[in-house]
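Novice: Got a structure here, written out as structure tokens. Questions coming.
Only the coordinates and a few stated rules stand behind these numbers; no lab work does. These numbers were taken from a predicted model, which means no experiment stands behind them. Heads up, the Cβs are rebuilt from the backbone with ideal geometry, glycines too, and the neighbour counts pull from every protein chain shown.
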Amino acid sequence: MASLDVVHYDSPRMRILRFGAGIFLVLYLLWTLVPFFVMFVSSFKDLLAAFNLPEVGDWSGITLFFDFTPTFKHYVSLFVDNNFSTYIANSLMAAGGSAVISVIFGSLAAYSLSRVEFAGKADLFFWIISTRMAPVVAVMVPLYSIFRALDLVGTLPGLILAYTTFNLPFAIWILKGFFDNVPYAIEEAQMVDGSTRIQAFVSILPLVAPGIGAFVVLCILFAWNDFLFAAIIGSGGAKTLPVATRELVQPQNIQWGAIMAAGVVTTMPMILLGLVIRKYLVTGLTMGAVKE
Amino acid sequence: MASVTFKNVWKYYGKTPAVKDLNIECPDGSFVSILGPSGCGKSSTMRMLAGLEHISAGDILFDGERINDLPPKDRDVAMVFENYALYPHKTVLENIANPLRLRSVDDDMIKARVDAAAKLLEIDHLLDRRPHELSGGQKQRVAIGRAIVREPRLFLFDEPIAHLDAKLRAHMRGEIKHLQRTLGTTMIYVTHDQLEALSMADYIAVMHDGELQQWGTPSEIFNKPVNAWVAGFVGEPAMNFVTCDLVGHNQEVFLRHENFEIPLLPDQVGKLNGAASAGTARMGVRPDALEISLTKPHQPSITGEVFVNELLGGDMLVEVLLDGSRIRVKTVPEFDGQPGDRCHITVNREKWHIFDAMDGHAYF
Ligand SMILES: Nc1ncnc2c1ncn2[C@@H]1O[C@H](COP(=O)(O)OP(=O)(O)OP(=O)(O)O)[C@@H](O)[C@H]1O
Ligand SMILES: [Mg+2]
């Protein structure tokens with residue numbers, strides 16, 4: 001088995017390239033991180049302090065930006081004056097619920113599609129993927145009228161169902177690829193060793209864990225960041241964070257401080273999730289199990 | 001322990017048959033080898049036994065009981081897969097322990113069993129590794145470990161030692177045979193290596209193109225092949241075949257060729273049954289049933305020309321050119337014929353075979 005260590009060949013050209021890459025990365029990091037930083041800092045500023053900015057080009061005035069007394073009043077207003085704890089709970093339930101349901105049904109369906117030969121399999125698989133081909137807006141109106149007929153508009157189960165209809169095909173599609181990569185011989189060995197078909201299926205789940213992990217993250221991200229479904233299907237009873245934040249923009253009064261704080265509350269969990277789940281996304285567990 | 005019976009078993013993949021009308025009876029406790037070239041249906045046969053492949057037609061019986069419809073876990077067989085099929089996310093220890101864990105054997109017992117198996121297979125220093133950190137031969141031994149760690153009714157080994165080096169292979173041949181003798185468990189052992197089959201098995205089933213060619217003990221297979229295909233497949237160096245004419249003359253029957261005319265032994269004439277008493281046939285004889293010399297002997301002999309000499313350690317293999325064919329003769333290393341020399345070969349007629357020129361079946 002070959003090792004995957006990178007072999008370095010040093011040459012002047014390589015050194016220049018590496019230097020260029022370094023500069024590019026620094027600029028790119030500034031570009032992506034500064035908005036988050038501004039949002040984070042501003043959420044702790046009084047409204048006056050937040051707009052106390054130096055003139056354009058006046059680099060010495062940059063200290064002005066850090067010259068403020070931190071305040072938590074925007075966070076207090078989110079959770080006391082507005083119902084943000086409920087909205088966080090709604091967001092969590094909608095994202096988590098649809099991720100769990102999609103992963104359960106998705107892995108079962110993907111497993112069957114990967115392991116069992118049956119008539120019309122290719123067509124079925126294409127049909128499943130094709131449900132993702134239409135843009136979300138195109139199906140919004142019919143979906144809304146169906147959901148209203150079923151009394152699901154404005155409820156959490158309705159929102160979870162809506163996300164699941166979009167996440168499930170995606171789950172089947174991603175997970176089928178992961179199951180295809182697990183040699184069937186491993187389950188055969190399990191069954192000969194004395195396990196049932198279901199036990200054999202469960203026994204290979206650790207091998208598709210990177211896939212399941214990746215999918216869960218993508219699925220949660222989709223639901224958590226979604227605005228369209230939340231605004232239309234969830235409106236009213238199942239208000240999520242993006243919709244609630246949007247409502248802080250009122251015609252006469254844009255609550256910048258609260259919006260910044262809401263931004264922090266919305267992004268933090270996803271950043272933490274990304275850090276926690278990182279090691280799950282490392283693939284390659286199946287290497288070397290079967291003679292190639 | 002179980003006896004295994006195949007009754008008219010067929011395996012089709014789509015429309016192509018991989019196993020054709022197989023009938024075999026493996027006695028309880030025997031070591032049976034399925035021998036044949038690549039693609040002849042050996043693995044398909046194994047997989048039907050293990051319950052991994054649907055049996056297209058016919059029945060398979062364990063101890064007289066039909067098992068066609070039993071799922072793998074209820075057949076109580078242990079299998080070594082051709083492609084190892086180890087669990088990549090488990091250590092060697094857990095791989096070997098897996099069948100015991102599934103039967104909820106207690107931990108002390110598992111540890112003892114796994115240690116014993118690992119020691120036998122010389123992989124006890126690898127127990128903490130994962131499969132991707134092992135060489136091919138080590139993986140193969142882990143796969144064997146997983147099979148021998150419990151006591152099933154039947155062992156199925158699909159080319160279990162094909163990837164080991166020659167020395168380890170010889171060692172493992174002995175170990176596997178010894179293990180089977182000690183446990184007394186019926187073993188079905190697939191191989192394409194005739195030496196493995198001849199040296200280990202109680203019975204050999206020779207397969208070709210999905211069809212059973214011959215069933216018999218190693219000595220029957222080697223000494224009394226039922227057709228030219230089996231005769232040519234088994235034995236190393238391979239049997240020589242020469243197409244000759246059969247000529248009857250005063251009660252005697254001669255094998256005639258441009259280079260020789262040799263009479264059959266009297267009892268062999270009877271075995272021809274008159275069927276081929278006039279016409280062509282294929283004579284088959286192994287290189288070690290021939291003797292070569294540079295001087296013309298008294299008895300009838302084959303005259304030819306030395307083509308090339310190969311020294312194989314303690315033996316010499318001489319390839320001799322006849323009209324239209326070549327034959328190989330095993331002799332002593334001292335033989336000093338040089339390429340181009342005229343030479344004479346005498347045949348041990350007890351050990352030659354006559355095959356039908358058309359369908360290849362053996363008259364004797
Ligand atoms: N899943 C399959 N689908 C279609 N044909 C198959 C399948 N598996 C095997 N075959 C065919 O069936 C025949 C027998 O295959 P099998 O694997 O039993 O051979 P084998 O004797 O084990 O060969 P080897 O020594 O190379 O392992 C081959 O011609 C092969 O191409
Ligand atoms: Mg095979």
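Novice: Using Cα springs under 10 Å in a Gaussian network model of chain B, which residue among B:Q251, B:Q338, B:Q180 shows the largest mean-square fluctuation?
Specialist: Fluctuation is largest for B:Q251.
Novice: With angles folded into 0 to 90 degrees, how steeply does helix B:92-102 sit against the dominant principal axis of chain B? Use alpha carbons for both and round to 10.
Specialist: Roughly 70 degrees, rounded to the nearest 10.
Novice: Relative to the present Cα-Cα distance, how much length would full extension add between A:D151 and A:I62 at 0.36 nm per residue of separation?
Specialist: Length gained, A:D151 through A:I62: 26.6 nm.
Novice: Report the relative contact order of chain A, percent, no decimals, based on alpha-carbon pairs under 8 angstrom and at least 6 residues apart.
Specialist: 27 percent
Novice: On to the next question. Explain nothing, just the number: relative contact order of chain B, from Cα pairs under 8 Å at least 6 residues apart, as a whole percent.
Specialist: About 15 percent, as a whole number.
Novice: Then there is this: How tilted is helix A:12-42 with respect to the longest principal axis of chain A? Cα atoms for both, answer in degrees (0 to 90, nearest 10).
Specialist: Roughly 60 degrees between the two axes.
Novice: Here is a follow-up. Taking neighbour Cβ counts within 10 Å as the exposure measure, how do B:E65, B:E82 sort from fewest upward?
Specialist: Lowest to highest Cβ neighbour count: B:E65, B:E82.
Novice: With a point put 7 Å past each Cα toward its Cβ, work out how far B:S38 is from A:M133 in nm, to one decimal.
Specialist: 4.1 nm
Novice: Please work out the Cα center distance from the stretch B:199-271 to the stretch B:1-69, rounded to the nearest Å.
Specialist: 27 Å
Novice: Measure of size requested: the Rg and Dmax of chain B, with Cα atoms as the atom set and Å as the unit; please supply both.
Specialist: Over chain B's Cα set, Rg and Dmax evaluate to 24.6, 80 Å.
Novice: Within 10 Å of each Cβ in A:181-190, how many Cβ atoms from other chains are there, averaged over the peptide?
Specialist: If you average over the peptide's residues, the count of other-chain Cβ atoms is 6.
Novice: How big is the convex hull of the Cα atoms of chain A, per residue, in Å³?
Specialist: Looking at chain A, the number lands at 226 Å³ per residue.
Novice: Label-point separation (nm) for B:N68 and A:L47, each offset 7 Å from Cα along Cα-to-Cβ?
Specialist: A separation of 8.4 nm, rounded to one decimal place.
Novice: Could you tell me how far the Cα centroid of the stretch A:102-173 sits from the Cα centroid of the stretch B:344-364, in Å?
Specialist: 71 Å
Novice: Continuing with this model, one more query. Using a simple charge model, +1 on the beta-carbon of Lys and Arg, -1 on the beta-carbon of Asp and Glu, nothing else, what dipole does the protein assembly as shown show about its Cα centre, in debye to the nearest 20?
Specialist: Computed charge dipole of the protein assembly as shown: roughly 1840 debye.
Novice: Let me ask something additional. Taking neighbour Cβ counts within 10 Å as the exposure measure, how do B:Y84, B:Y203, A:Y184 sort from fewest upward?
Specialist: By the 10 Å Cβ count, ascending: A:Y184, B:Y203, B:Y84.
Novice: Another question about this same structure. Report Rg (one decimal) and Dmax (nearest whole number) for the protein assembly as shown, counting Cα atoms only, units Å.
Specialist: Reported Rg and Dmax, both Å: 37.9, 130.
Novice: Please give the length that would be gained between A:L27 and A:L124 if that part of the chain were fully extended, namely 0.36 nm times their separation in residues minus their C-alpha to C-alpha distance (nm, one decimal).
Specialist: Using 0.36 nm per residue and subtracting the Cα-Cα distance, I get 30.3 nm.
Novice: Determine which aspartates and glutamates satisfy two conditions relative to A:K239: a Cα distance under 20 Å, and not lying fewer than 8 residues away in the same chain.
Specialist: List returned: A:D81, A:D151, A:D226, A:E247.
Novice: For chain B, what is the calculated [θ] at 222 nm in deg cm²/dmol (nearest 500), taking -39500 (n - 2.57) for each run of four or more DSSP H residues and dividing by its residue count?
Specialist: It comes out at -7500 deg cm²/dmol, rounded to the nearest 500.
Novice: Grab the Cα-Cα distance for B:V308 and B:E252, subtract it from 0.36 nm times how many residues apart they are, and report the gain in nm with one decimal.
Specialist: Roughly 16.7 nm would be gained on extension.
Novice: Mind checking the log10 I(q)/I(0) for the stretch B:260-358 at q = 0.25 Å⁻¹? Debye, one equal scatterer per Cα, no solvent, two decimals.
Specialist: Log10 I(q)/I(0), no solvent term: -1.38.
Novice: Something else: What FRET efficiency would be calculated for the residue pair B:D267, B:S56, taking the C-beta separation as r and a Förster radius of 60 Å, to the nearest 0.05?
Specialist: About 0.85, to the nearest 0.05.
Novice: Set the Förster distance to 56 Å, then compute FRET efficiency between A:S11 and B:A238 from the Cβ-Cβ distance, nearest 0.05.
Specialist: 0.50
Novice: Which entries in the list A:K176/B:K119; B:K139/B:K177; A:K121/B:K20; B:K139/B:K167 go over 28 Å, if you measure between the two C-alpha atoms of each?
Specialist: A:K176/B:K119; A:K121/B:K20
Novice: No solvent, one uniform scatterer per C-alpha: report log10 I(q)/I(0) for the stretch A:12-71 via the Debye equation at q = 0.13, 0.18, 0.19, 0.26 1/Å, two decimals.
Specialist: After summing over all Cα pairs, the log10 values are -0.51, -0.74, -0.78, -1.07.
Novice: Right, something else. Once you wrap a convex hull around the alpha carbon atoms of the stretch B:65-182, what is its projected area averaged over all directions, in nm²?
Specialist: 7.9 nm²
Novice: Now for a different question. Need one number: nm distance between label points at B:D209 and A:Q199, each 7 Å from Cα along Cα→Cβ, rounded to one decimal.
Specialist: In this crude label model, B:D209 to A:Q199 measures out at 4.3 nm.
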